[in-house]
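The values are calculated or read from the model by the stated rules, or taken from the named source; none is laboratory data. Bear in mind the structure is a predicted one, so any value in this text is a computation, not a measurement. Reconstructed Cβ throughout: ideal geometry from the backbone, glycine too, with neighbour counts over all protein chains shown. Accessible surface areas use protein heavy atoms only, side chains included; no ligands, DNA or RNA. Shrake-Rupley method; radii C 1.70, N 1.55, O 1.52, S 1.80 Å.
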Amino acid sequence: MNSKLMKEYLCLLYRSKMGLDLSFSAIYNYLNYTIKPIHYKIPQNYSYPMVSMYVTRRCNLSCGYCVVGKVPDNIDPLEFDLTPAKYLEILEHPLIKKSLLMLLCGGEPLLNSHILDLVAITKKKGKIPTILTNGILLREKWDGLLKSGISDIQLSLYDNTIELLKDDIKSMNKDMKINASYVLLRTDFDNDINKIENVVNFVSESDFKTLKLNFCLSNENNGFVDEGLQKKHKIKYDEFKSKMSKKYKNIDIYFPNISETNEKKCRAPWNSLLLDAVGNFGFCCKHQPSIHKGFNILTQDWNEVINSEIFCRWREKMLSDDKNIPEHCKDCYHISGSYSSNV
């Protein structure tokens, strides 16, 4: 296991009283996942180790490369705000009952008026409550998040939010170290690489715990925006990685891979269940829960959804010995292994 990931796991355990606050069945389920071989078909007794729970589809930003997508004008976005009652029902679902880590995300999860209750429920159920936020409302919700038992905060940095965060973030990092993430766009890498280093410098000076750099994923929700780094960038990118690692030794920086081989190392279709508040299922980071496609594990037989022909075929292609990257994985940097595809 990657030593950086091991450090993160130990931090999560520390915040759960070295595992004493955690459900035994959830820990056992996670260990089972790590040692048992994976199969293209999800078995009946399976619980995903991690759940990305989309507690809202609303957001106070409008990023052009967002992979989640906007709610159509003819649908009330509040329909997708998770309530405590609905969350308790979802936590009893067989695919989730033994899950260990709950990532509360969105949209912007801090827009959900129940977010502190959702964190507290997650903690009470013996799971690890974490949150993915753009941070605009973080100062306002900070004390409540700490009291409700949040275990980990992932803060997505954006060019238009760093200025808003800079006055408060260092003091918050003294209370609990936050992880930062940032989407590395090809346009910036080609034309203004110093802009990216300025972000790394901000993370370093603000005492974040880690920085996770991401490449831009393209999917139907963002109009297949083409902003990912390609193989032709590898030499320059490797030089950039080396420079950042040497210059900013006080933080752990996770760099996504530009793979020169057709490696199929992503385990996201087995380790992560992506789910919105009404039950729409997402296959992986690139294939988010869709409002329109009818893959719903709460209103349909979950086995028929999870093990539908299309998803079984996708998993089977991932497991095949050939070196061909599955079509649905094209341009996805997680395919060759990343921090989030190998939980």
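Only one entry of Asn303, Asn257 meets the criterion of being assigned to a helix (DSSP H, G or I) and either of a type in the set (A, V, I, L, M) or more than 23 Å from Lys70 (Cβ to Cβ) (or both), and that entry is Asn303. Restricting region 105-138 to residues that are among the aliphatic types (A, V, I, L, M) and assigned to a loop (DSSP other than H, G, I, E, B), the residue that is most open to solvent (accessible area, probe 1.4 Å) is Ile136. Among the conditions (1) part of a loop (DSSP other than H, G, I, E, B); (2) within 19 Å of the chain's Cα centre (by Cα), Asp73 misses just one, which is (2). Of the residues making up region 141-164, those that are open to solvent by less than 20 Å² (accessible area, probe 1.4 Å) and not small (Gly, Ala, Ser) are Trp142, Leu145, Ile150, Asp152, Ile153, Leu155, Leu157, Thr161.
When Ala180 is tested against (1) in contact (Cβ under 8 Å) with a residue 40 or more places away in the chain; (2) crowded, with 20+ Cβ neighbours inside 10 Å, exactly one condition is not met: (1). Hey, could you check region 234-278 for residues that are under 18 Å from the mean Cα position of the chain (by Cα) and aromatic (Phe, Trp, Tyr) and say which is nearest to Cys329 (Cα to Cα)? Ranking the candidates gives Trp270 first. Put simply, of Ala268, Ala277 the only residue that is crowded, with 17+ Cβ neighbours inside 10 Å and either under 21 Å from Asn45 (Cβ atoms) or among the acidic types (Asp, Glu) (or both) is Ala268.
Total residues in region 74-83 satisfying the condition of being surrounded by fewer than 16 Cβ atoms within 10 Å (Cβ to Cβ) and either under 18 Å from Ser25 (Cβ atoms) or in contact with a helix residue (DSSP H, G or I) (Cβ under 7 Å, 6 or more places away or on another chain) (or both): the figure is 0.
Counting the residues of region 209-242 that are buried (at least 19 other Cβ atoms within 10 Å of the Cβ) and of a type in the set (Gly, Ala, Ser) gives 2. Could you pull out the residue among Glu220, Glu163, Glu205, Glu197 that is charged (D, E, K, R) and under 22 Å from Gly282 (Cβ atoms)? Just a single option satisfies the conditions, and that option is Glu220. Selection within region 306-343: residues that are assigned to a loop (DSSP other than H, G, I, E, B) and in contact with a Pro (Cβ under 8 Å, 6 or more places away or on another chain). The member of this set that is nearest to Gln230 (Cα to Cα) is Ser338. Of Tyr65, Tyr30, all but one fail to be open to solvent by less than 60 Å² (accessible area, probe 1.4 Å), part of a helix (DSSP H, G or I), farther than 24 Å from Glu304 by Cβ and at pLDDT below 95; the exception is Tyr30. Inclusion of Ser340 among residues that are in contact (Cβ under 8 Å) with a residue 40 or more places away in the chain and on the phi < 0 side of the Ramachandran plot is warranted. Conditions: (1) under 27 Å from Val71 (Cα atoms); (2) part of a helix (DSSP H, G or I). Lys243 meets all but one. Number of the miss? Failed condition: (1). The single residue among Asn257, Asn303, Asn262 that is open to solvent by 30 Å² or more (accessible area, probe 1.4 Å) and in contact with a helix residue (DSSP H, G or I) (Cβ under 6 Å, 6 or more places away or on another chain) turns out to be Asn257.
Restricting attention to region 84-104, the residues that are buried (at least 20 other Cβ atoms within 10 Å of the Cβ) and among the charged types (D, E, K, R) add up to 1.
Of the residues examined, Gln288 is one that is open to solvent by 20 Å² or more (accessible area, probe 1.4 Å), within 22 Å of the chain's Cα centre (by Cα) and polar (S, T, N, Q).
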